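The values are calculated or read from the model by the stated rules, or taken from the named source; none is laboratory data. All values derive from a computational prediction rather than experimental measurement. Every residue, glycine among them, receives a Cβ derived from its backbone with ideal geometry; neighbour counts consider all protein chains shown.
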């Protein structure tokens, strides 16, 4: 890799921060129709940056209209761009998003969320700094450095930038599948920088995500809500049945009680066990994130395995019951219990649904209630597991060593990033998750930040990764 | 009793309906500050009616200000009035309320809720017709009839009319206790017409109400709401613990699982058992009210006993959990389960709280969770049981026979009417619940109605009751 590139990044970091400042100043909140024009402005900002840096091709795709509570509003464009068209080089597809979570000073921010501020600890504070404007601009910084230095990029770079990630990526999947044999036809691997280091000190590469199956359990009883004074003791109350069944799903120690679930979980081999030995994570980091010591496991390895490679079941709430402060003596006529299961290899979503439905129906039948129960899976997103031996991971690992002088941790995550699976399935290419920010960036919280060093070193890392990719021998 | 009185009521029913029409036209919704002036207007309407009929004394008591979400708004007055001051006569205190439940045409009313309309089945439809403007005006009709006929009332009548009954009777109790030895000092018995016949065909006298103890069970875990993807399987989830404990409170067949609760319930004697033999109530009435056949018991006697004389426990909801439509993968950090127990003689609220708290804490301890649980009783209203052998009940029973040619059913109710207990405790006098409307009047629903016959015969009944009281030998 060219040392010129690393030097350029180091020397021009103030300009890169200015670029991030301009991006943060555009409140591209995708969940608020009142900010939709800002999301469009943000798309234009990125196109202008790419144009100024001489991208070979910039196009947009229109995902159509969004139905927002009956109001039809236009979805922001998917921005596609290409830098370099050399058939002798590999092509890396970079995905990122230019919309952000909502943020209001009144939520508790110490500064105006849409004004990038650097504090004494050299943290760049502002909404979108880490999620995901910093990483997206990191790639653009790489392009700028090469153009300024008169260097060609070592690979062909393709961008796919969306503006609805924080609002369900509406319309994205269709375009990914449509362009798989079109705009994305020559892609060799996909790189996504939209997650975080596990902790705060050591970079990581992420090769796995849990899936999620979400369930709605509806118990219907009386034809209308009843007064508990008049009817208490005389009718089968849906809430009683709902609690009876939902309480049987998971034990207080987190063990899922649905028979057959753990039979599908890939056994933990000694080899995999060893991969947990040197992960940079300590119990105090979990305590800090949770805010106290209500953790189930006391060993780091058990915590990480519980988060990454074992399923979990959480009860989220009830629709149709009383939820306000105060006292209300209603007997709700129809209640919908919500819960979800985080899934891991080799759990099949259809089989999970089958086991859950059978168990729930069996448990309900035992109650002898005259009410009715209906259980359905409202959403099933599969887990994702990539191979850290693939050349794109090896290249990223070398790039981390080059920039950070440390071997990255190989991590998985407990949550899901659906676009990862979409790219893998649509393009049939390996996807790498290469985070720029730290585990404490507070992506969806107040005072979201990206450390200056993560932004600067992270820009170097993205560039270094492209050089290692170019040097790697593809399989 | 004077036949003239009965004839007068029969002949002047259109004028009485006009009076009710005027009252219904005043939308005295106490829960809506925007209607507070209408509640005051309604108080003036009643005072003017009483003044025009020559009441001996009309006073008001000011309950002070109401804190409505931080806004201070004046509470409507308690209207006190006296008709007759003869120390040789008994004095009956009549309680009623002049405020109403909210009502909007858009809620599904077939007519404008604040315009009294008589339909083909001679039902007087309008908000407050049955709850409680009809009964309050029934008493005023009685006064009018006597004044017009030049007759003295057979007893002294005292009125206590409030305008906040549908909003927790704020300020009333203090005034009742204050006036117990003042305005109400010479009262011999209290009569409240603010409930309903059990069914639709037969009048009843009500001599018992269940109490209610309301509980808040708080489970606290992590310091903040967590993402189930990142934390599922690694922390003790408050929802899991809450469901585990709340599911142990009551069985699907309605049996309370808290040890010791049933030990406090007064045993059912053969004598009491017989009082259920001839109550005018049929299973189809329960099915109609519930909207289907999700009833627990199949015999009328069991249904009525479950409603009136046995306790019940209902789960109402959860504060702090996800309650909207759709999917949300939150792990709530702090959840408050709400449930209540309907209490009956001889359950003591303090003992109920003690048993519930012990049981809940014991069950929580079994879970081995690191979360914390706190249980408290937020409200405890005692049950009420009067004696149907008391002269005021005997008088009311004779009055029913005179007007309806049938012996009334002696009923209890499953809900609570707190003012009943307040009057009994503050004045140490027997309270009679003497309903005017039918069980299907829909007091808090759309299309609230009072049948013309119930209004007219009910007015006769209230007058006849006063004559029977006068004739009765007090103990």
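Of all the residues that make up the range B:266-291, how many are within 12 Å of another protein chain (Cβ to nearest Cβ) and on the phi < 0 side of the Ramachandran plot?
Here the count works out to 8.
Has the range A:60-67 got any residue that is in contact with a strand residue (DSSP E or B) (Cβ under 7 Å, 6 or more places away or on another chain), surrounded by fewer than 24 Cβ atoms within 10 Å (Cβ to Cβ) and closer than 30 Å to residue A:439 by Cβ?
no
Regarding the range B:393-405, can at least one residue be identified that is within 14 Å of chain A (Cβ to nearest Cβ) and in contact (Cβ under 8 Å) with a residue 24 or more places away in the chain?
no
Out of the residues in the range B:340-366 that are in contact with a helix residue (DSSP H, G or I) (Cβ under 7 Å, 6 or more places away or on another chain) and closer than 25 Å to residue A:325 by Cβ, state the one that is farthest from the other protein chains (Cβ to nearest Cβ).
My answer is B:360.
Determine which member of the set B:432, B:421, B:466 is part of a helix (DSSP H, G or I), within 19 Å of the chain's Cα centre (by Cα) and either touching a residue at least 24 places away in the same chain (Cβ under 8 Å) or surrounded by 20 or more Cβ atoms within 10 Å (Cβ to Cβ) (or both). Quick ask: steps written out before the conclusion?
Details: B:432 fails: part of a helix (DSSP H, G or I); B:466 fails: within 19 Å of the chain's Cα centre (by Cα).
Checking each option against the conditions leaves just B:421.
Quick grid of which residues meet (1) touching a strand residue (DSSP E or B) at 6+ places or on another chain (Cβ under 8 Å); (2) in the same structural domain as residue B:414 (by the TED database); (3) farther than 24 Å from residue B:340 by Cα:
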residue: B:181; (1), (2), (3): no, yes, yes
residue: B:188; (1), (2), (3): yes, yes, yes
residue: B:194; (1), (2), (3): yes, yes, no
residue: B:199; (1), (2), (3): no, yes, yes
residue: B:222; (1), (2), (3): yes, no, yes
residue: B:242; (1), (2), (3): yes, no, no
residue: B:248; (1), (2), (3): no, no, no
residue: B:251; (1), (2), (3): no, no, no
residue: B:255; (1), (2), (3): no, no, no
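Does at least one position in the range A:101-108 carry a residue that is crowded, with 20+ Cβ neighbours inside 10 Å and either closer than 24 Å to residue A:457 by Cβ or at pLDDT 95 or above (or both)?
no
I need a count of the residues in the range A:351-373 that are over 24 Å from residue B:255 (Cα atoms) and either in contact with a strand residue (DSSP E or B) (Cβ under 8 Å, 6 or more places away or on another chain) or surrounded by 18 or more Cβ atoms within 10 Å (Cβ to Cβ) (or both).
6
Out of B:324, B:253, B:292, which single residue is part of a loop (DSSP other than H, G, I, E, B) and modelled with pLDDT under 95? Explain how you work it out, then say what you get.
On the way: B:253 fails: modelled with pLDDT under 95; B:292 fails: modelled with pLDDT under 95.
Sole residue among the options that is part of a loop (DSSP other than H, G, I, E, B) and modelled with pLDDT under 95: B:324.
From the list A:54, A:34, pick out the single residue that is surrounded by fewer than 14 Cβ atoms within 10 Å (Cβ to Cβ) and more than 28 Å from the chain's Cα centre (by Cα).
A:54
Go through A:369, A:314 for me and flag whichever is assigned to a loop (DSSP other than H, G, I, E, B), in the same structural domain as residue A:245 (by the TED database), touching a residue at least 40 places away in the same chain (Cβ under 8 Å) and touching a helix residue (DSSP H, G or I) at 6+ places or on another chain (Cβ under 6 Å).
On the way: A:314 fails: assigned to a loop (DSSP other than H, G, I, E, B).
When all the criteria are applied, what remains is A:369.
Looking at (1) under 30 Å from residue B:300 (Cβ atoms); (2) in a strand (DSSP E or B), find the lone condition where residue A:223 falls short.
(2)
Find all pairs meeting these conditions: Cβ atoms under 6 angstrom apart; at least six residues apart or on different chains; first residue within the range A:276-294 and closer than 14 Å to residue A:305 by Cα; second residue part of a helix (DSSP H, G or I) and modelled with pLDDT of 95 or more.
From residues that are closer than 14 Å to residue A:305 by Cα, the pairs are A:276/A:301; A:276/A:304; A:281/A:300; A:286/A:303.
Here are some residues: A:105, A:22, A:51. Which one is without any contact (Cβ under 8 Å) to a residue 24 or more places away in the chain, closer than 17 Å to residue A:133 by Cα and in the same structural domain as residue A:149 (by the TED database)?
A:22
Let me spell it out: the conditions are (1) surrounded by fewer than 20 Cβ atoms within 10 Å (Cβ to Cβ); (2) facing chain A (nearest Cβ under 9 Å); (3) free of Cβ contacts under 8 Å to residues at least 12 places away in the same chain, and residue B:224 meets all of them except one. Which number is the exception?
(3)
Rundown of residues vs (1) under 26 Å from the mean Cα position of the chain (by Cα); (2) modelled with pLDDT of 95 or more, yes/no style:
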{"residue": "B:48", "(1), (2)": "no, yes"}
{"residue": "B:71", "(1), (2)": "no, no"}
{"residue": "B:77", "(1), (2)": "yes, yes"}
{"residue": "B:81", "(1), (2)": "yes, yes"}
{"residue": "B:96", "(1), (2)": "yes, yes"}
{"residue": "B:123", "(1), (2)": "yes, yes"}
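Checking residue A:250 against (1) within 11 Å of chain B (Cβ to nearest Cβ); (2) surrounded by fewer than 19 Cβ atoms within 10 Å (Cβ to Cβ); (3) in contact (Cβ under 8 Å) with a residue 40 or more places away in the chain, which test does it fail?
Here residue A:250 clears every test but (2).
Which of the residues that make up the range A:431-446 are in contact with a strand residue (DSSP E or B) (Cβ under 8 Å, 6 or more places away or on another chain) and at pLDDT below 95?
Selection gives A:439, A:441, A:442, A:443.
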